[in-house]
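Engineer: A single structure is presented below for examination.
The values are calculated or read from the model by the stated rules, or taken from the named source; none is laboratory data. Computed from a predicted structure; not experimentally measured. Methodologically, a virtual Cβ is constructed for each residue, glycine included, from the backbone with ideal geometry; neighbour enumeration extends over all protein chains shown.
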Amino acid sequence: MIIKAVKLYENGFLTQPFIMGGEEGQEPFDASVKYRSSLQNFLIDTGREVILVDTGMPKETPDTVPDEKTQVYLGTRIKDYVSALADLGYTPEQVSKILVTHKHADHTGELRSFPNAKIYMSPEEADALDFKSDNIVRVSYKDGPFYNFRAHEKIAEGVYLIEAKGHTKGNSIIIVEDGGLFYMMHGDVTYSDEALYANKLSVVFEDKDAARDTLNQVRTFVSEHPTVYCSTHTPLGYENLEAKRVLNLNEPPKVIPPKDITFNEATGKYVCSVCSFCYDPEKGDPEHGIPAGTRFEDLPDDWKCPRCGRPKTAFNKA
């Protein structure tokens, strides 16, 4: 079994209120405290087939430009997904299955690049994405409990898709069992490992109670089994993987501050920090009464992301 990180963005940051303020509110947390952020997805080579866990950001999504109010900055793009995959020695034609953690665009952006792969996702996420494809496999978690998790479906030998609702209504995680270790690849159960150690929810969830339940299940599992925690939005995701570092909730790693950020000139476009929807003022949002030519700054205060429903404050300059 070979597991590799598909590295897409680097040198970003996440603020403490964003990654830890889901239950207590953001006020108790320090907005000046920032953690490293990145974007990577994962590849599983079983020796018989190549399986992807999520497929990154759409190639055409513009990079964002952070400012002093930015809570989530993915960083600068390293490669588009297919190019990053090629750097690992794989082509789209080799991929037989894709396991989708959840519907957001930074996890599903290049599903279109793999027309021959079977795409596994929960029924809720399949409904939300509304893909018209015979390749979609609606997972029923037919194989019952997986250790302390309530429901799962075996995808291949040693590869399991686990029900993990909360961040979205149909959120899932993937666990790979190999060589006496469990590799847990998740979307956004936590945005950064620091929140896992602190037992805090992020501010992004569709069902807070379910998100808390999922985080509790994750913490129980990693306490009872040797687990390599492979996150999507922190460099610790691939650093843990490359070092085969087993997580110990009683020994959090030393926090490494993010690098200094270069502030570039903005384009007038804005990108949702949660689902990566791009608001383009030249197009507006006519389905919601916003005509073409409307600047982002002139949108009504109650305007929300057409894709995920987050408020204007969740958007970053592009």
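Engineer: Given the conditions (1) part of a strand (DSSP E or B); (2) not assigned by TED's automatic domain parsing to the domain that holds ASP193, report the number of the one that TYR229 does not fulfil.
Structural biologist: Only one criterion in (1) part of a strand (DSSP E or B); (2) not assigned by TED's automatic domain parsing to the domain that holds ASP193 is unmet by TYR229, namely (2).
Engineer: Right, another one. Restricting the search to the stretch 281-315, which residues are farther than 24 Å from GLU68 by Cβ, surrounded by 15 or more Cβ atoms within 10 Å (Cβ to Cβ) and over 23 Å from the mean Cα position of the chain (by Cα)?
Structural biologist: GLY284, ASP285, ILE290, THR294
Engineer: May I pose another question? Of all residues in the stretch 16-48, count the ones that are polar (S, T, N, Q) and not in a strand (DSSP E or B). Walk me through how you get there before you give the answer.
Structural biologist: Going residue by residue through the stretch 16-48, those that are polar (S, T, N, Q) are 16, 26, 32, 37-38, 40-41, 46.
From what's left, not in a strand (DSSP E or B): 16, 26, 32, 46.
Total satisfying the criteria: 4.
Engineer: Related question: Any residue in the stretch 22-35 that is farther than 24 Å from LYS254 by Cα sitting within a Cβ distance under 6 Å of a residue that is buried (at least 16 other Cβ atoms within 10 Å of the Cβ)? List the pairs, counting only those 6 or more apart or interchain.
Structural biologist: Note: pairs meeting the criteria are GLU23/LEU201.
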